[in-house]
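Notes follow the structure.
The values are calculated or read from the model by the stated rules, or taken from the named source; none is laboratory data. Model, not experiment: these values are computed from the prediction. Virtual Cβ from ideal backbone geometry, glycine too; neighbours counted across all protein chains shown. Just so you know, the surface numbers come from the protein's heavy atoms only, side chains and all, with ligands and any DNA or RNA stripped out. Shrake-Rupley method; radii C 1.70, N 1.55, O 1.52, S 1.80 Å.
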Amino acid sequence: MARFVLVRSRWRAAAPLAVTLVFRALIVAYSLALGVRGGFVFVVFVVFGVTGLIGLIAFVTTLTAPPAELTAGGPRLRALAISPDLTDVAWSDVRAAWIAYLGSQRCLFVLAGERDRPYMAPIPDGPDAAAAVRELSGGTVTVADEPPPRPQTGSPVFRLSGYGRARPTPLLVGILPWVAILVMLPWLTHTPQPWDQTWWPTGH
């Protein structure tokens with residue numbers, strides 16, 4: 001085996017990004033429809049607008065970047081979700097490798113060098129990726145079936161999900177928090193809902 005392509009379908013790899021991007025856009029649009037004012041506007045646009053823009057960049061680069069792969073020299077992976085190119089990692093620099101889930105997406109994670117954040121790439125179901133790692137690394141790297149303990153450095157989001165989860169999150173469970181934010185947005189921002197009678201001018 002000369003090389004093993006990890007990302008078989010770019011559209012499938014980009015699908016989770018598309019889902020969160022749509023919900024972020026809905027939250028921003030709904031906030032504008034509600035007429036959110038003051039500090040709430042800043043919070044909405046920073047938390048959902050800016051992260052939505054980053055998500056859009058990640059979505060585009062996922063579709064256009066070269067597919068991640070394993071070679072005899074080492075894995076070739078994207079360093080970040082917004083990275084347009086691949087980073088070459090030597091097998092001798094790999095400290096740990098494991099298979100875990102980000103939401104419902106199965107991924108190969110590789111921790112290498114001095115980085116606290118792992119390189120990662122979506123992979124299809126099945127044992128092929130783990131077998132390819134073992135073969136191409138000459139048996140020096142073994143892929144674990146579960147992620148290591150949660151990281152103790154970095155942002156709160158990274159500490160919670162930086163190394164993935166051992167089992168997939170059902171799609172419905174992943175979507176429910178976004179739906180809850182949309183439903184609670186009028187209450188959170190202290191603005192009336194568009195269908196509330198008090199929102200309409202007097203006499204209507």
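Taken residue by residue, segment 105-114 has at least one member that is within 22 Å of S9 (Cα to Cα), touching a strand residue (DSSP E or B) at 6+ places or on another chain (Cβ under 6 Å) and at pLDDT below 90.
Quick check: anything in segment 171-186 assigned to a loop (DSSP other than H, G, I, E, B), surrounded by 12 or more Cβ atoms within 10 Å (Cβ to Cβ) and within 18 Å of the chain's Cα centre (by Cα)? No; the residues of segment 171-186 include none that is assigned to a loop (DSSP other than H, G, I, E, B), surrounded by 12 or more Cβ atoms within 10 Å (Cβ to Cβ) and within 18 Å of the chain's Cα centre (by Cα). Screening segment 49-69 for residues that are buried (at least 17 other Cβ atoms within 10 Å of the Cβ) and of a type in the set (S, T, N, Q) and picking the one that is farthest from the chain's Cα centre (by Cα) gives T61. No other residue among P151, P147 is open to solvent by less than 20 Å² (accessible area, probe 1.4 Å), touching a Gly at 6+ places or on another chain (Cβ under 8 Å) and either of a type in the set (D, E) or at pLDDT below 95 (or both) apart from P151.
Yes or no: P148 assigned to a loop (DSSP other than H, G, I, E, B), in contact (Cβ under 8 Å) with a residue 40 or more places away in the chain and under 11 Å from F109 (Cβ atoms)? Considered against the rule, which asks whether it is assigned to a loop (DSSP other than H, G, I, E, B), in contact (Cβ under 8 Å) with a residue 40 or more places away in the chain and under 11 Å from F109 (Cβ atoms), P148 comes out as yes.
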